[in-house]
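Structure first, then comments.
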Amino acid sequence: QVCPRLRTPRLPVWLCSITGRHGVLFGTDSRLLSDWKTERVFHLYFYNGQQEQTKTAHLTIDTHSHHWEEDRSEEPSSPGKRRPSVEMAIRTKWAGATVSWNGTDPF
């Protein structure tokens, strides 16, 4: 039998498989599970345990950013327009969200 806390976590946690690597994407605000208003700007953390990741990535997610604020001078397929896999995984839940890496190099 599964413990009730495992069925209903107190904090938002997602186990991810991104480009063949497993990782954990999690938040520290329990309101993210129950109050849709907290989904405007919030923080998530990502850790995959790989050697190249020396610390947990602190991400700021903004779900109300505007697509017209992006640089339109680049083609969608240009290297400057490509997004990291972690960002694309986040956008499967929050389409169109912008992700700030807060000084961490995106991976």
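The values are calculated or read from the model by the stated rules, or taken from the named source; none is laboratory data. The model shown is predicted, which means the values in this text are computed figures rather than measured ones. Please note: Cβ atoms are built from the backbone with ideal geometry, for glycine as well, and neighbour counts cover all protein chains shown. Surface areas here come from the heavy atoms of the whole protein model, side chains and all, with no ligands, DNA or RNA. Shrake-Rupley method; radii C 1.70, N 1.55, O 1.52, S 1.80 Å.
Key figures
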{"item": "With DNA, RNA and ligands ignored, accessible area of T19 (1.4 Å probe; Å², nearest 10)", "result": "110"}
{"item": "Nitroxide proxy distance, nm - points 7 Å out along Cα→Cβ at L33 and I18", "result": "2.2"}
